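Structure first, then comments.
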Amino acid sequence: MKRRDLFKSSLIAFLSLSSMMKAEPSKNTQIPQTNKKPSKGPHIVVVGGGWSGLSFAKHVKEYVPHANVTLVEKRDHFVSCPASNAWLFDLVDLEFLTHSFIDAANNHNYTYLQAEATGLNAKENILSTTKGDLHYDYLVFATGIEYDYYVWSKGDNAFEKRIQREYPPAFIPGSEHLTLKRKIKHFKGGNFIITVPNGNYRCLPAPYERACLLADHIKRNKIKGKVVILDANNTVTIKEEGFLSAFKELYKEELVYMPSTTIESIDLDKKTVVTEFDEIPFEDAAFYPNVRAPKLLEKLGLTTKTPYNRIEANLDVYTYRFKGHDNIFGCGDLRPMGFSKSGNTAYTEGANVAKMVADAIGKNAIKWKSPITFCVSLISMKPQREISLLSEYTYGSKGETKFAKTISDEDWRDNTLGKHKSQFTWAKSMYDNMFYT
Ligand SMILES: Cc1cc2nc3c(=O)[nH]c(=O)nc-3n(C[C@H](O)[C@H](O)[C@H](O)COP(=O)(O)OP(=O)(O)OC[C@H]3O[C@@H](n4cnc5c(N)ncnc54)[C@H](O)[C@@H]3O)c2cc1C
C-alpha cells in the first residue's frame, strides 16, 4: 500500500472509531526551533492549514525559495468542506475529501507543525503555540471563521453548546459533518429545517445546495417529509434564479422556501422554531448561525466590532495587513471584505497574499489584486445538474466590495456537464494543487 493510501485508510478508521491517530513522522513534520531566530532566510509562519493557508504556504515558498516557512495547523489531516455536500449524499467518498498535511509540506518544501496557536507577542515577533513558541519575521493568520449564536442564544452558553452538538451547521470541517450525514440517513419524515443566516456567511450557495440535494433524496426515497429553508435574507443570496427555479420546478412537493424569516426562539426540547409569524415543528435540523472572526484573533487584539455588533478581523482591505502591524497579515474567510467566503476565493487570496509578503520582504510596493470566486452548486443528483458562478471584485468609492467580470451559469435545465468545470473536476484540481503538484 502506498503511504497516501495507508493514510486515507487510517483516517477512515479514525473517523469511525473517534480515536486520535498520530500522523506518520516525516522530514517536514519536525518541530521547528522554538523562539530562536532561524539562521538563514526570513522565517514566515502561517497559522491555519485550510484553503487559504495551504495556498499561502505553497506560493510564498515559490516566491521566496530561501524562506523558512512553517504551517501551524491544529488538525492532523485535512477534510474538505467544498464537495462535502456531495459526500453527505454518497456522491463522493470520504477519501475524495481527505488529504495529508504531510504530503502538502513535503511536496511544497515547508514545515508542518501540528499545534494550536494560542498567543502572540507582536513586539518580540513571537507566536505561542501548544508545541512551544515560534519566532517569525512575517506572520499570517488564515484561521477561517467561527460560529456566532448570539442572536438565538442571547449569551446562553449551555444552549449554544447543545444546539451545535445536536443540530450542527456542518460549516466547519470536523465531526459535525458526520452527525449531519447520520441525520440525513435516518430521516424518516416531518420537517427538516435548514437555516440561512444573514451577513456574509461562509459559502453563500451551500445551504441552498444542501437543501436541493436533501429534497432530491426525499423525492427519490419517497420519504413523507419536507426540507424547510428558513432564510434570514429577503431572497436567495447567490445564483438566485437557478436556485429559485429549481425549488419551484424540481422540488415543489419536497421543499418549502421561507425568505425574510427572523427566528425569535428555538425550543430544543419541544422541537419547535418560533418566527415572527409561525411556530414550526421540526423532526430534524441543521441550524446555521451567523459567523464571526475566530476568538483567538479577538484575544490577540486583532479584531474590530462592526456597527451590527459583529466581530471582524481588523485588516487593511488593500494590503491584507492587520492594522497597526506591518508584518502580520490575514487571508481567507476571516477577512472582513465582502468577498464570497469560499474555497476558490480563499485559495487565490492565499496566493495573492504570498506575493504581498514576498514584496514586503523585497521592499517592493504591495499591490492589491482581486481574488477569484468560482463555485459550482449541485441542483440534483440523477441526472447530475449544476449551476456555477465565476467572479472577481473591485472596491467602490466608499471602499465597499463589488462583483466584477461575473459569469453566471444558472440554467440547470441545460444539463450539459462539461459546459463548465463540474464541482468534482474543480475540487480535484484544487486538492492536487494544494497537496501534490
Ligand atoms: C458545506 C460546505 C460546502 C462548501 N462548498 C464550497 C464550494 O463548493 N466551493 C468553494 O469554493 N467553497 C466552498 N465552501 C467554502 C470553503 O470551505 C471555505 O470558504 C474555505 O474553507 C475557507 O478557507 P480558509 O482557509 O479561510 O478557512 P478553513 O478552510 O476553515 O481553514 C482554517 C484552518 O485553520 C485552522 N485553525 C484555526 N484556528 C487555529 C489555531 N488557533 N491554530 C492552528 N490552526 C488553526 C483550522 O483547523 C482550519 O484547518 C464550502 C463550505 C462548506 C462548509
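The values are calculated or read from the model by the stated rules, or taken from the named source; none is laboratory data. Since we're looking at a predicted model, the values are computed, not measured. For neighbour counting, all protein chains shown are included, and Cβ atoms are generated from backbone atoms with ideal geometry for every residue, glycine included. Each accessible area value is taken on the protein alone, full model and side chains, heavy atoms only, with ligands, DNA and RNA left out. Shrake-Rupley method; radii C 1.70, N 1.55, O 1.52, S 1.80 Å.
Among the residues of the range 183-207, those identified as in a helix (DSSP H, G or I), within 16 Å of the ligand (Cβ to nearest atom) and more than 16 Å from the chain's Cα centre (by Cα) are K183, I184.
Number of residues in the range 270-290 that are modelled with pLDDT of 95 or more and either of a type in the set (D, E, K, R) or open to solvent by 20 Å² or more (accessible area, probe 1.4 Å) (or both) equals 7. Residue count for the range 264-296, restricted to those that are part of a loop (DSSP other than H, G, I, E, B) and away from the ligand (no atom under 16 Å from the Cβ): 9. Looking only at the range 252-269, decide whether some residue is in contact (Cβ under 8 Å) with a residue 24 or more places away in the chain, of a type outside the set (S, T, N, Q) and open to solvent by less than 10 Å² (accessible area, probe 1.4 Å). Within the range 252-269 (the criterion being in contact (Cβ under 8 Å) with a residue 24 or more places away in the chain, of a type outside the set (S, T, N, Q) and open to solvent by less than 10 Å² (accessible area, probe 1.4 Å)), the answer is no, since none of the residues qualifies.
The C-beta contact set for the range 159-179 (first residue outside the structural domain of K341 (by TED's automatic domain parsing), second residue of a type in the set (D, E, K, R) and open to solvent by 10 Å² or more (accessible area, probe 1.4 Å), distance under 7 angstrom, 6+ apart or interchain) comprises P168/E176; P169/E176; A170/E176; F171/R202.
If I filter the range 233-249 for residues that are under 21 Å from L88 (Cα atoms), touching a residue at least 60 places away in the same chain (Cβ under 8 Å) and surrounded by 14 or more Cβ atoms within 10 Å (Cβ to Cβ), do I get at least one hit? For the range 233-249, residues under 21 Å from L88 (Cα atoms), touching a residue at least 60 places away in the same chain (Cβ under 8 Å) and surrounded by 14 or more Cβ atoms within 10 Å (Cβ to Cβ): present.
Number of residues in the range 132-173 that are more than 12 Å from the ligand (Cβ to nearest atom) and in a loop (DSSP other than H, G, I, E, B): the value is 7.
Restricting G41, G53 to residues that are modelled with pLDDT of 95 or more, out of contact with any Cys (no Cβ under 7 Å at 6 or more places or on another chain) and closer than 29 Å to D326 by Cα narrows the list to G53.
Can you pull out the residues in the range 316-348 that are open to solvent by 20 Å² or more (accessible area, probe 1.4 Å) and within 11 Å of the ligand (Cβ to nearest atom)? Selection gives Y347, T348. For Q384, the criteria (1) within 15 Å of the ligand (Cβ to nearest atom); (2) at pLDDT below 95; (3) farther than 16 Å from C203 by Cα; (4) touching a Lys or Arg at 6+ places or on another chain (Cβ under 6 Å) hold in every case but one, which is (4).
Take the conditions (1) farther than 24 Å from H99 by Cβ; (2) in the same structural domain as E62 (by TED's automatic domain parsing); (3) within 16 Å of the ligand (Cβ to nearest atom); A351 misses just one of them, which is (1). Only one entry of I163, I172 meets the criterion of being among the hydrophobic types (A, V, I, L, M, F, W, C) and within 23 Å of Y257 (Cα to Cα), and that entry is I163.
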